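The values are calculated or read from the model by the stated rules, or taken from the named source; none is laboratory data. Just so it is clear, the model here is predicted, and its values are computed rather than measured. Neighbour counts are summed over all protein chains in view; Cβ atoms, including those assigned to glycine, are modelled from backbone coordinates with ideal geometry.
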Amino acid sequence: MTSLTSADAATFLAREALHLDRLDFDPWLALYTPDCLFWMPAWRDDGTQTEDPDRELSLIFYRGRRNLEDRVQRIRSGFSVASAVMPRVAHMIGNVVTQDAGEGTVRVDSSFLTNVHDVRTNKSHAYFGRYEHELVLVDGEWKIASKIIRLMNDVVPTMLDVYGV
Amino acid sequence: MKPFALRDLVDDRPQDGVFRVNRALFRDQALFDLEMKHVFEGGWVFVGLATQAENPHDYFTNFLGRVPIIIQRDGEGTLRCFVNACPHKGVRLLQKLCGNARRHVCPYHSWTFDSAGANKNIKWQKAGRYAPGFDEENHDLATVAKFGEYRGFLFASLNADVPSLEEHLGETRKLIDLIVDKSPDGVELVPGRVVFTYAANWKMQLENCSDQYHFTSTHPSYIRILDQRAKEQVNEVVQSSIGAADFWQEDASGVTGGTMSFDHGHVLNWGIMPVSSALPEFERAEQLAQLHGVAKRNWMFNMRNLTIFPNLQLAENASSQMRVIRPIAAGMTEMQTWCIAPRGESAQARSFRIRQYEDFFNPTGMATPDDTVCYEEAQIGMAEQDRPWLQGHARGLGASIEGGNDWSDMIGMKPARSVLSDAQLCDESLFGSYYRAWAQRMAGVLS
Ligand code: FES
Ligand SMILES: [Fe+2]
């Protein structure tokens, strides 16, 4: 079975979001393939986002899950003041549309809204935009081969980490 | 009556070995409003790079203090700087960050201006029954009093009564040269602008750029990752340049770097970095030595954090960043940031530069969030209190000398003061230069 219904895809995305909302990073990382792409482009100007991560700047760009493990390690290290009082987050994901991209890959488009409550400053921020996931079947389980986060409100209040988008 | 007394705000007594700053400088909104007028709207301020408007009729918009501005190249290639406000009823003429236009038509009543700022049409002027007084007025876009360029770096001043740009920049021009001369074609901004805000005073960022003291305290979580990556050397992880340097390592011995301060509030802190493949510039190391001499080439590889007072910071360490500070309120600052890079570098060097940049400099990365959170925590601690004087500008006072040292001599640079240091000295006396320039610009409102 290499196809995925929109309902199945929505459940998959909701599970990823649930791990992030719980700040439960091990099962979150386990959703990614070792050579995954994790990419949040920056904005070039008012209307266009950067497209070529090797020649243009991204907000976050990683090829390889190992880099996401570094991010998690920093968050958990106890040596990052920005991660000392962990924000509380809730992701809302909707408008899930799937498309068979061939070769066992399913492309999933969705919209997200993440509410982040910064406990340290008692302020809440909302981040929103679109996700583009590419899911592949590995040993009978769907994994994330690629996730692109198109963040619409890109003026970051103080800081933004992987669990906030 | 001047509203503030300088001696209440900055305690500058070199004869007693004292330099102290009052917390009010970070907190007081009335003082902030005066800073906007006198520091940001009363003297030279960085406004952008010439490459942001490279072709005829290209423009970009920005703010000069609180004033919206347009920087535009006309059809002949001349760059100008205007106030981005229509003379008719004050509407902001251009809303986009950048673009290309021969004509600007005001969205409100269609007054029209060309790319040199001249008024080309007042809608229904003849039918408008204007009285003679109107014809005597200038209907062009207001030009900003002073506008100048040094090697592609653009500066402007709303106040005409300022020293020349050459004098304002002074010896720091040699530090700008180190950045521009990395390529025969100069520098450019990598596409993609990253903007963030933090809830603290603009001077927190001003100081942090040259605050060597904080690095191992604020960023241990990042340093651990650097260490780990250096050991693993696997292809998929982002590699890092500063991991390979020891100017910040507490057990490093001998001179590891230092600071220099210049007239008009500019400062540099720097650290020795070897000419090695840990930096994307390495592909041109030989060529740069031939063109500019070994000493200047070696300086191009050193870690350098340069602040051109009051709002430009050029950080050359893990990668290369251009930061522009835009104060919003006493307790709110906006930062506009770009990766600045030598033109024509190889694709490999460019992507190496970009990868390091993202991890280190972005507000979505692994280092900057720990800085900005500290700024905000500092702002909370800036509340009025019985002991108003900060103790954060005193390190290095005993080591600071007038003039330069062997290292500045290497590139013929003559700073006003300098400190040569080991890894643990972490000079703070250089910040004195900021506050002296600040006091000069604020002189009209400080008794
Ligand atoms: S405000 Fe510009 S034409 Fe009226
Ligand atoms: Fe820092």
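Would you be able to say whether some residue in segment B:141-163 is within 14 Å of ligand 1 (Cβ to nearest atom), in a loop (DSSP other than H, G, I, E, B) and away from chain A (no Cβ under 14 Å)?
Start the filter on segment B:141-163 by keeping residues that are within 14 Å of ligand 1 (Cβ to nearest atom), which leaves B:141-142.
Retained after the next criterion (residues that are in a loop (DSSP other than H, G, I, E, B)): B:141-142.
After this cut, where a residue has to be away from chain A (no Cβ under 14 Å) as well, the list is B:141-142.
Within segment B:141-163, one or more residues are within 14 Å of ligand 1 (Cβ to nearest atom), in a loop (DSSP other than H, G, I, E, B) and away from chain A (no Cβ under 14 Å).
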ask   = Restricting attention to segment A:89-100, does a residue exist that is out of contact with any helix residue (DSSP H, G or I) (no Cβ under 9 Å at 6 or more places or on another chain), among the hydrophobic types (A, V, I, L, M, F, W, C) and not in a helix (DSSP H, G or I)?
value = no
Segment A:109-137: number of residues that are more than 10 Å from every other protein chain (Cβ to nearest Cβ), out of contact with any Gly (no Cβ under 9 Å at 6 or more places or on another chain) and in a strand (DSSP E or B) = 13
ask   = Among B:W270, B:W248, which is the only one that is crowded, with 18+ Cβ neighbours inside 10 Å, more than 16 Å from ligand 1 (Cβ to nearest atom), closer than 30 Å to B:H168 by Cα and away from chain A (no Cβ under 14 Å)?
value = B:W270
Top-ranked residue in segment B:387-414 [being more than 23 Å from the chain's Cα centre (by Cα), surrounded by 14 or more Cβ atoms within 10 Å (Cβ to Cβ) and not hydrophobic (A, V, I, L, M, F, W, C); ranked as farthest from B:R173 (Cα to Cα)] = B:P388
query = How do the pairs read when you match residues in segment B:207-234 that are facing another protein chain (nearest Cβ under 8 Å) and in contact (Cβ under 8 Å) with a residue 60 or more places away in the chain with residues anywhere that are more than 16 Å from ligand 2 (Cβ to nearest atom) and in a helix (DSSP H, G or I), using Cβ under 6 Å and keeping only pairs 6 or more apart or on different chains?
reply = B:I225/A:D70
ask   = Only one residue in A:L37, A:L13, A:L4 is touching a helix residue (DSSP H, G or I) at 6+ places or on another chain (Cβ under 9 Å), among the aliphatic types (A, V, I, L, M) and either assigned to a loop (DSSP other than H, G, I, E, B) or at pLDDT 95 or above (or both), so which one is that?
value = A:L4
task = List the number of the failed condition for A:F79; all other conditions in (1) assigned to a loop (DSSP other than H, G, I, E, B); (2) within 7 Å of chain B (Cβ to nearest Cβ); (3) under 17 Å from the mean Cα position of the chain (by Cα); (4) not charged (D, E, K, R) hold.
result = (3)
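Which residue out of B:I354, B:I325, B:I308 is more than 13 Å from B:I179 (Cα to Cα) and at the interface with chain A (Cβ under 10 Å from one of its Cβ atoms)? Steps first, please.
On the way: B:I325 fails: at the interface with chain A (Cβ under 10 Å from one of its Cβ atoms); B:I308 fails: at the interface with chain A (Cβ under 10 Å from one of its Cβ atoms).
From the options B:I354, B:I325, B:I308, the qualifying one is B:I354.
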note = Within segment B:107-163, the residues that are under 21 Å from the mean Cα position of the chain (by Cα) and among the basic types (K, R) are B:K146, B:R151
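Report, by residue number, each residue of segment B:179-196 that is within 14 Å of another protein chain (Cβ to nearest Cβ) and without any contact (Cβ under 8 Å) to a residue 60 or more places away in the chain.
Once the filter is applied, which keeps residues that are within 14 Å of another protein chain (Cβ to nearest Cβ) and without any contact (Cβ under 8 Å) to a residue 60 or more places away in the chain, segment B:179-196 yields only B:P191.
Consider B:A341 carefully, then state whether it is within 17 Å of the chain's Cα centre (by Cα) and under 20 Å from B:V275 (Cα atoms).
Values: within 17 Å of the chain's Cα centre (by Cα): yes; under 20 Å from B:V275 (Cα atoms): yes.
Judged against the criteria, B:A341 is a match.
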query = Of the residues B:R7, B:R27, B:R13, which is basic (K, R), under 23 Å from the mean Cα position of the chain (by Cα) and closer than 30 Å to B:D427 by Cα?
reply = B:R27
key: Hits in segment B:106-129 (condition: under 14 Å from B:I70 (Cα atoms) and touching a strand residue (DSSP E or B) at 6+ places or on another chain (Cβ under 8 Å))   = B:C106, B:F113, B:D114, B:S115, B:A116, B:G117
ask   = Does B:H104 count as crowded, with 18+ Cβ neighbours inside 10 Å and within 16 Å of ligand 1 (Cβ to nearest atom)?
value = yes
key: Matching residues in segment B:273-331 - criterion: being part of a loop (DSSP other than H, G, I, E, B) and either under 18 Å from the mean Cα position of the chain (by Cα) or free of Cβ contacts under 8 Å to residues at least 24 places away in the same chain (or both)   = B:S277, B:G293, B:F309, B:P310, B:N311, B:N317, B:A318, B:S319
ask   = Within segment B:249-286, which residues are touching a Phe, Trp or Tyr at 6+ places or on another chain (Cβ under 7 Å) and at positive phi?
value = B:G257, B:G258, B:H264, B:G265
query = How many residues, within segment B:357-403, are of a type outside the set (S, T, Y), more than 11 Å from chain A (Cβ to nearest Cβ) and part of a loop (DSSP other than H, G, I, E, B)?
reply = 18
Within segment B:200-257, tally of residues that are assigned to a helix (DSSP H, G or I), among the aliphatic types (A, V, I, L, M) and within 27 Å of the chain's Cα centre (by Cα) = 6
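Can you report the number of residues in segment A:35-73 which are within 8 Å of chain B (Cβ to nearest Cβ) and under 23 Å from B:V195 (Cβ atoms)? Even if it seems obvious, please write down each step before you answer.
Taking segment A:35-73 as the starting set, the residues that turn out to be within 8 Å of chain B (Cβ to nearest Cβ) are A:35, A:40-46, A:50, A:53-64, A:66-67, A:70-71, A:73.
Pick out the ones that are also under 23 Å from B:V195 (Cβ atoms) and you get A:40-46, A:50, A:53-62, A:71.
Number of matching residues: 19.
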message = Any residue at all in segment B:79-98 that's modelled with pLDDT of 95 or more, touching a Pro at 6+ places or on another chain (Cβ under 8 Å), surrounded by fewer than 18 Cβ atoms within 10 Å (Cβ to Cβ) and charged (D, E, K, R)?
response = yes
Filter result (part of a loop (DSSP other than H, G, I, E, B) and more than 18 Å from B:E76 (Cα to Cα)) within segment B:115-140 = B:I122, B:K123, B:W124, B:Q125, B:R129, B:Y130, B:A131, B:E136, B:E137, B:N138, B:H139, B:D140
message = B:R417 - would you say it is away from ligand 2 (no atom under 16 Å from the Cβ), charged (D, E, K, R), touching a helix residue (DSSP H, G or I) at 6+ places or on another chain (Cβ under 7 Å) and at pLDDT 95 or above?
response = no
